[in-house]
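A.B. asks: Pasting a structure here, questions to come.
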Amino acid sequence: MNIFVVNLILFLITAIKCQQEEYFSSLVQLEKLAVIESEFISKLTAIVDEVSDVDYVRKKLDYWKSEHRALKQDVSKYVANPLNAFGMIKRATADISLLMKRIPSSMANELEPYRIKDSSLTDAVKNLLLVQRIYKLSTNDIARGYLKSRSLGVRMTPHDLYILGNVASNITNEEYFAKKFLELAYEKYKDGHDRRNEIDEKELLMKIANLCERMNDYKCSAFHIKQILLKDPDNSEVTEYAMKIVKLFKEHGGSKISFDHPYDASFEKNGKYSRRKEFELLSDVCRGKLTKNVMEMSRLYCRYVSSTPFTMLAPFKVEEVNIDPYIVIYLNVLSNNEIQSLRNVTIRQTHRNSNKDDDEKSIFDVIRMVSLYDNNNELAARISRRIEDMTGLSVDPMEPLNVENFGVGGPVWEYGKQQKGNKMAMILFYMNDDHMDGYTAFPYLKVRIIPREGSALFWFTLKKSGQSEYGTRFTQCPVLYKSKWIAFKHIYETGQEFKRPCPSSMELVPSSIDDYDNEFF
């Protein structure tokens, strides 16, 4: 078979797989997308002189090339920037769709294999909005390329804002932020910043009006409809919609807002649980707004520990994080070489996993996660022995060491009120600390741990009585910049009978979920 045909088939297979991936929280997937983008630029360069709307396509191609040059200077650094990551996914979805509408269908078909699925763009927007909600970021700051006063060097275009707002409008309970981004897009459009003429003013105004209606702000909806009718008074569709809004305005008033501002809520302890209050608690702890008081902090100490004769010669340095329930940090327990080895094996394994059929993929393939077992990985076995030396507990050799890497917005772990199985404790190793935010938080204890490379966080998930330790329900606060590397392992009750025996008198523990809520909420 002709070598050109073979290469073409291989590339098309790669492009089809590319359409099936998720990208935003996975730096390895974004790096793969960079390769596909390079191929797309070459294809578009080859056909640009044949398209009818050549001025637009040339401007778009120049923009693509400019971004790709910046990307090639340092791929890892470029994709670690969340606004760059969003821009890459937008280019591979909405921007390619825009191009395909402006060129002949025969050429559009040649670009289709490079377009990734729309759900990748939706996931990117969801993660951006999650980060915005938790850290209470300003929409204007994000548009200017600022996250928590840090400049990321990227300004969003009116079309970027339009796409972000439009996608957000189709996500449940995100009307407020969708409206904010679309209003900002319109403001920049009016100021003449839509230099490639990618925004349809009428369509944008109708989307804002519709969001205002969904939020029961009929005065806002009427205002934006009026802007359309001032320029197109004979538009029957808009006139009909205006009559509907006028009717709703008369029935309910101009601003009967049916939602709370996402930043207005605050955590107030009253013994009653709600998801909204739990989210605000998480946000307060991740942002460092809610912390332990001075009296609680004064009870915490640093010390050296040795649980075996071997470690008496080189004891571990431990910092107490919380006394009851027990949470500590072991310092300098992973070497730089061990961290790099764990990273390398994870990257290699992830690339092998990415060749699976789509129905075999899991979310763990997307966020770059591998499980290493003691019986076939000498480093994992060595770390298991070290955990036993640190904690004095037995480690199940069949329980894997899970190594994970995730980017902006990454996965949020939570342990619920009912702990499943007999997992007694957990240890989490930090493999880097050069990312922005990404703390480990125990919201109910008002504890936020700053990752330190090479250290390990240890805590019990069960009381000595065997009941769930609800206070150690935890989460990973979203990463704002770069990516986070961790490894973790569960420790089970089985085999700990003489190492963590049951108390002589049962601990006093809450007897119901309501008791837990009264304690923490």
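A.B. asks: Among the residues of the range 46-67, how many are assigned to a helix (DSSP H, G or I), open to solvent by 60 Å² or more (accessible area, probe 1.4 Å) and touching a residue at least 12 places away in the same chain (Cβ under 8 Å)? Please lay out each step first, then the result.
C.D. replies: Kept after step one, since they are assigned to a helix (DSSP H, G or I), are these residues of the range 46-67: 46-50, 54-67.
Now narrow it down to the ones that are open to solvent by 60 Å² or more (accessible area, probe 1.4 Å): 46, 49-50, 55, 58-59, 62, 65.
Next cut, touching a residue at least 12 places away in the same chain (Cβ under 8 Å) only: 50, 59, 65.
Residues in the range 46-67 being assigned to a helix (DSSP H, G or I), open to solvent by 60 Å² or more (accessible area, probe 1.4 Å) and touching a residue at least 12 places away in the same chain (Cβ under 8 Å): 3 in total.
A.B. asks: Which condition breaks for SER105 when tested against (1) open to solvent by 10 Å² or more (accessible area, probe 1.4 Å); (2) small (Gly, Ala, Ser); (3) in contact with a Leu (Cβ under 7 Å, 6 or more places away or on another chain)?
C.D. replies: Only one criterion in (1) open to solvent by 10 Å² or more (accessible area, probe 1.4 Å); (2) small (Gly, Ala, Ser); (3) in contact with a Leu (Cβ under 7 Å, 6 or more places away or on another chain) is unmet by SER105, namely (3).
A quick yes/no check of all residues on (1) under 22 Å from ASP55 (Cβ atoms); (2) touching a helix residue (DSSP H, G or I) at 6+ places or on another chain (Cβ under 6 Å); (3) crowded, with 21+ Cβ neighbours inside 10 Å; (4) modelled with pLDDT under 95:
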site	(1), (2), (3), (4)
ARG196	yes, yes, no, yes
GLU201	yes, no, no, no
LEU204	no, yes, yes, no
ALA209	no, yes, yes, no
GLU213	no, yes, no, yes
LYS219	no, no, no, yes
ALA222	no, yes, no, yes
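A.B. asks: With respect to LYS90, is the statement that it is closer than 19 Å to ALA185 by Cα, of a type in the set (Lys, Arg), in contact (Cβ under 8 Å) with a residue 60 or more places away in the chain and in contact with a helix residue (DSSP H, G or I) (Cβ under 8 Å, 6 or more places away or on another chain) true? Before you say what the answer is, go through the steps one by one.
C.D. replies: Numbers: closer than 19 Å to ALA185 by Cα: yes; of a type in the set (Lys, Arg): yes; in contact (Cβ under 8 Å) with a residue 60 or more places away in the chain: yes; in contact with a helix residue (DSSP H, G or I) (Cβ under 8 Å, 6 or more places away or on another chain): yes.
Answer is yes for this residue.
A.B. asks: Which residue is most open to solvent (accessible area, probe 1.4 Å), if the candidates are limited to the range 224-236 and must be out of contact with any helix residue (DSSP H, G or I) (no Cβ under 9 Å at 6 or more places or on another chain) and not hydroxyl-bearing (Ser, Thr, Tyr)? First the steps, then the outcome.
C.D. replies: The first filter runs over the range 224-236 and keeps only residues out of contact with any helix residue (DSSP H, G or I) (no Cβ under 9 Å at 6 or more places or on another chain), leaving 230, 234, 236.
Within this subset, residues satisfying the condition of being not hydroxyl-bearing (Ser, Thr, Tyr) are 230, 234.
On the way: LEU230: 119, ASP234: 139 Å².
Out of the qualifying residues, it is ASP234.
A.B. asks: Within the range 355-376, is even one residue polar (S, T, N, Q), open to solvent by less than 60 Å² (accessible area, probe 1.4 Å), at pLDDT 50 or above and in a loop (DSSP other than H, G, I, E, B)? Write out each step before concluding.
C.D. replies: Let us first name the residues in the range 355-376 that are polar (S, T, N, Q), namely 355, 362, 371, 375-376.
The next check asks that each one be open to solvent by less than 60 Å² (accessible area, probe 1.4 Å); those that pass are 362, 371.
Next, from what is left, pick out any that are at pLDDT 50 or above: 371.
The next check asks that each one be in a loop (DSSP other than H, G, I, E, B); those that pass are none.
Scanning the range 355-376, I find no residue that is polar (S, T, N, Q), open to solvent by less than 60 Å² (accessible area, probe 1.4 Å), at pLDDT 50 or above and in a loop (DSSP other than H, G, I, E, B), so the answer is no.
A.B. asks: List, please: which pairs have Cβ atoms under 8 Å, are six or more places apart or on different chains, and start with a residue in the range 469-482 that is closer than 17 Å to ASN84 by Cβ and free of Cβ contacts under 8 Å to residues at least 40 places away in the same chain and end with one that is among the polar types (S, T, N, Q) and in a loop (DSSP other than H, G, I, E, B)?
C.D. replies: From the range 469-482, no pairs qualify.
A.B. asks: With SER468, SER512, SER483 as the choices, which residue is modelled with pLDDT under 80 and of a type in the set (Ser, Thr, Tyr)?
C.D. replies: Values: SER468 fails: modelled with pLDDT under 80; SER483 fails: modelled with pLDDT under 80.
The unique qualifying residue is SER512.
A.B. asks: Name the single residue that is farthest from ASN432 (Cα to Cα) among those in the range 471-484 being in a strand (DSSP E or B) and open to solvent by less than 10 Å² (accessible area, probe 1.4 Å).
C.D. replies: My answer is THR475.
A.B. asks: Among ASP160, ASP118, which is open to solvent by 50 Å² or more (accessible area, probe 1.4 Å) and not β-branched (Val, Ile, Thr)?
C.D. replies: Values: ASP160 fails: open to solvent by 50 Å² or more (accessible area, probe 1.4 Å).
Exactly one of ASP160, ASP118 is open to solvent by 50 Å² or more (accessible area, probe 1.4 Å) and not β-branched (Val, Ile, Thr), namely ASP118.
A.B. asks: Condition (residue is at pLDDT 95 or above, under 20 Å from THR122 (Cβ atoms) and open to solvent by 20 Å² or more (accessible area, probe 1.4 Å)) applied to the range 173-192: is it met by at least one residue?
C.D. replies: yes
A.B. asks: LEU121: aliphatic (A, V, I, L, M), under 21 Å from ALA185 (Cβ atoms) and touching a strand residue (DSSP E or B) at 6+ places or on another chain (Cβ under 9 Å), yes or no? It would help to see each step written out before you state the result.
C.D. replies: Details: aliphatic (A, V, I, L, M): yes; under 21 Å from ALA185 (Cβ atoms): yes; touching a strand residue (DSSP E or B) at 6+ places or on another chain (Cβ under 9 Å): no.
Answer is no for this residue.
A.B. asks: Does any residue in the range 212-239 that is more than 13 Å from TYR186 (Cβ to Cβ) come within less than 8 Å, Cβ to Cβ, of a residue that is acidic (Asp, Glu) six or more places away or on a different chain, and which pairs are these?
C.D. replies: Filtered contacts from the range 212-239: ARG214/GLU175; MET215/GLU175; SER221/GLU213; LYS231/GLU201; VAL238/ASP232.
A.B. asks: ILE89 - would you say it is among the aliphatic types (A, V, I, L, M), within 24 Å of the chain's Cα centre (by Cα) and not in a helix (DSSP H, G or I)? First the steps, then the outcome.
C.D. replies: Working: among the aliphatic types (A, V, I, L, M): yes; within 24 Å of the chain's Cα centre (by Cα): yes; not in a helix (DSSP H, G or I): no.
Here the answer is no, as ILE89 does not meet what is asked.
A.B. asks: Next question, about the same structure. Do we have LYS317 as open to solvent by 30 Å² or more (accessible area, probe 1.4 Å), at pLDDT below 75 and basic (Lys, Arg) here?
C.D. replies: no
A.B. asks: What residue, among those in the range 68-102 that are of a type in the set (Lys, Arg) and open to solvent by less than 50 Å² (accessible area, probe 1.4 Å), is nearest to LEU121 (Cα to Cα)? Walk me through how you get there before you give the answer.
C.D. replies: First, pick out the residues of the range 68-102 that are of a type in the set (Lys, Arg): 69, 72, 77, 90-91, 101-102.
Next cut, open to solvent by less than 50 Å² (accessible area, probe 1.4 Å) only: 90-91.
On the way: LYS90: 6, ARG91: 10 Å.
It comes out as LYS90.
The values are calculated or read from the model by the stated rules, or taken from the named source; none is laboratory data. Small disclaimer: the values here were computed from a predicted structure and weren't measured. Counting neighbours? That spans all protein chains shown, and the Cβs are built from the backbone with ideal geometry, glycine included. Accessible surface is based on the protein model in full, side chains and every heavy atom, while ligands, DNA and RNA are left aside. Shrake-Rupley method; radii C 1.70, N 1.55, O 1.52, S 1.80 Å.
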